[in-house]
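Notes follow once the structure below has been shown.
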Amino acid sequence: MTHEIIDYGQFAERLERQQKCSRWSLLEEVQREWGYEDPGGEPGHSRWGGENKRHGIDWALPIPQALNEWWDSPLNSFAFNPRLYWVHTQWPPKISELDADTHVAATHPADTRVCVFMSEYHYAHEWGYLAAEAELPDPRVFVSIGGEWVEQSRSLSEFLMQLAFERMPAHYGWTLRFGRDTVDADPEVVRRLESSYRELGLLPWQGMGTDALSYGAPDAVIRHGRGPGADFKIVINARTREALLDVARTLGLEWTDKDIRPPAEVPPPLEDLGPVALAAGDADPRGRWTVLTREHPQPPVVAGAAAGLVEAPGTLRAVASLQGPTLLVAGDSEGRVHVRETDDEDPETITLALHRAPVTSVTCVELASGARLVLSGDAHGVIRYWSTRRKPLRAPFARRSIPVASLASAVLPTGPALAAAWADGLVRVWDLASDAVANLRLGTGIKFLGLDADGTLHVTDAESTAALRLDLAKLWPHRDLQLRLESVDWGSLWTARGPGHMIPELIGKVTSDDKKTAMDAVHDLYRLLVSKEASSTAAVPAIPFLVELMTDPDNRSRSTLLLLIADLADVHQARGGRGDAQLAAVREALPVLRYLHDDPEGPIRWAANELEQNCAAR
């Protein structure tokens with residue numbers, strides 16, 4: 001796919017056109033252009049969450065329409081991922097006072113109050129609107145700098161877009177930063193900036209006293225920090241590495257590869273697969289599936305009554321039912337999922353708006369306990385999961401950046417399972433009891449999936465239906481390990497960064513057949529578990545699981561994982577004997593891992609030697 005270059009030198013015109021459009025359209029564009037994607041599900045943070053102050057609130061003051069809209073909007077990326085912003089929100093806004101001698105106070109002498117709705121993470125400064133303008137739908141925003149309130153944005157909606165524009169490029173983009181000494185040593189740098197690039201049209205960013213004026217370039221923005229609080233006088237953020245270097249060359253700045261900061265977050269790549277082509281006798285190289293038959297297309301049979309759940313037939317997109325049918329499910333083009341349990345004493349249709357894109361597939365399954373699960377997928381690649389007797393999970397069950405093509409579920413000999421196909425040809429099969437998952441790269445063009453209780457997966461494309469016999473033991477080789485992970489009370493254990501809630505999820509990701517996912521999980525575990533002082537009480541129970549994964553020849557992170565185990569043995573004695581217990585746990589695993597001294601991969605042999613040295617008698 002060709003990369004579309006966006007010239008931010010034209011941003012001022014976009015900002016002007018914004019006045020005639022929805023006040024949030026430019027926020028949506030900026031977030032999308034820099035790589036933020038709607039994660040699906042419900043936000044984890046609300047206006048009533050966080051560290052709201054309970055004092056200093058004037059309950060009689062109206063709250064501007066724009067601020068209410070932002071909190072209610074799915075475009076509010078802060079509500080889904082506050083760590084992108086490093087700010088605190090305040091709801092309802094609390095009252096602060098203007099200095100009576102300032103120009104801002106002179107514009108409204110009868111009411112010199114400011115309504116603070118947000119603060120910098122360390123409370124170094126606050127943002128608010130004038131109490132005298134609280135009745136306006138979209139009032140100006142001011143920022144507190146050194147005890148004085150300075151205008152930051154011409155409206156609340158512009159400020160929230162500008163805040164995203166400050167944060168998104170630094171997180172999702174490529175970055176070069178140049179200090180004051182470097183820029184001041186060559187006065188031509190600023191002259192080249194002003195003559196080569198146009199301002200974005202936003203007011204200078206005043207946070208932390210930076211007084212930073214922003215300029216636009218093809219696929220890049222440049223911040224010129226003019227104030228005393230600017231740690232870096234020139235900061236370049238770009239959507240591509242090439243755009244980053246083009247700007248640096250134009251400004252006449254020098255850098256090394258170590259100076260270039262890559263994106264902190266990159267969306268997982270999609271699969272590059274051809275059309276699905278399964279023939280009888282085909283088999284997976286790892287023995288996870290074998291094609292039994294390939295016949296004429298056989299779409300799943302669903303009770304026609306499910307279609308009747310959607311009042312407007314033209315919006316119907318997907319249906320499913322349980323045998324009987326005792327449960328009917330339908331999804332529509334507005335993202336709603338409709339459910340009716342026909343065996344209820346007084347059946348009624350429940351409709352939930354679970355998606356922000358058209359529903360593309362639904363499935364349902366009944367567990368041995370009698371609980372009924374409904375799963376739905378949409379055109380944004382999001383899968384939602386819920387039990388009909390409980391509220392839906394707030395977070396998506398799964399998400400990829402391409403439409404869900406089909407879902408299927410069944411209770412297998414191992415328990416309930418879900419199969420999902422995305423439009424790029426990837427099929428994932430989950431064991432819902434353990435969250436073990438297998439990635440099957442079958443190919444594009446899948447129209448329907450079907451899953452039988454005996455473990456047969458039916459894959460239907462435009463030409464045929466192939467029946468694949470799944471080998472469940474090979475499909476989920478770490479299923480038992482993941483069930484055993486759940487038996488440990490990780491929340492009562494500590495890591496270098498707090499309670500150990502994340503440990504089982506990260507160990508589960510180490511089993512991934514995607515190398516980047518597995519490697520990233522090992523790196524995260526390293527940060528949480530490794531310390532010379534054995535400060536992590538979660539390390540000892542984690543070690544046997546890590547060792548078990550190290551003995552899997554198909555593990556995609558083996559050399560790094562072995563170094564993690566080796567460094568867990570490199571500890572000092574600690575209070576309570578934690579260091580001795582951690583070292584003993586690794587030493588206990590040595591006999592199982594010694595065969596790695598003869599591994600064909602040099603990095604693994606080297607890590608095996610490190611392990612021996614760290615476990616040696618002291």
For this session: Determine whether Leu75 is touching a residue at least 60 places away in the same chain (Cβ under 8 Å) and out of contact with any Lys or Arg (no Cβ under 6 Å at 6 or more places or on another chain).
Result: no
For this session: Evaluate the stretch 39-53: report whether one residue or more is free of Cβ contacts under 8 Å to residues at least 60 places away in the same chain and over 30 Å from Arg384 (Cα atoms).
Result: yes
Exercise. Where in the stretch 275-349 are there strands (runs of 3 or more DSSP E), lying fully within it, with 2 or more residues that are without any contact (Cβ under 8 Å) to a residue 60 or more places away in the chain and not hydroxyl-bearing (Ser, Thr, Tyr)?
Worked result: 316-321, 327-332, 336-341
Exercise. Taking Val30, is it within 30 Å of His355 (Cβ to Cβ), in contact (Cβ under 8 Å) with a residue 24 or more places away in the chain and either exposed (fewer than 15 other Cβ atoms within 10 Å of the Cβ) or among the β-branched types (Val, Ile, Thr) (or both)?
Worked result: yes
Seminar exercise, completed: Taking the stretch 444-496 and keeping only residues that are in contact with a strand residue (DSSP E or B) (Cβ under 7 Å, 6 or more places away or on another chain), basic (Lys, Arg) and over 30 Å from Val302 (Cα atoms), one is left with Arg479
Seminar exercise, completed: Selection from the stretch 216-253 of residues crowded, with 20+ Cβ neighbours inside 10 Å, without any contact (Cβ under 8 Å) to a residue 40 or more places away in the chain and of a type in the set (Lys, Arg) yields Arg223
For this session: Go through the stretch 1-23 and give me each residue that's of a type outside the set (S, T, N, Q), assigned to a loop (DSSP other than H, G, I, E, B) and over 28 Å from the mean Cα position of the chain (by Cα).
Result: Lys20, Cys21
For this session: For the stretch 492-516, enumerate the residues that are surrounded by 17 or more Cβ atoms within 10 Å (Cβ to Cβ) and in a helix (DSSP H, G or I).
Result: Ile503, Pro504, Leu506, Ile507, Gly508, Lys509, Val510
Exercise. Scanning for something part of a helix (DSSP H, G or I) and free of Cβ contacts under 8 Å to residues at least 24 places away in the same chain, does the stretch 157-179 turn up at least one residue?
Worked result: no
For this session: Return yes or no: is Val586 farther than 25 Å from Ala436 by Cβ, in contact with a Cys (Cβ under 7 Å, 6 or more places away or on another chain) and among the β-branched types (Val, Ile, Thr)?
Result: yes
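No lab work stands behind these numbers, since they all come straight from the coordinates. As the structure is a computational prediction, the values presented were derived from the model and not from experiment. Note that each Cβ is placed from the backbone with ideal geometry, even for glycine, and that neighbours are counted across all protein chains shown.
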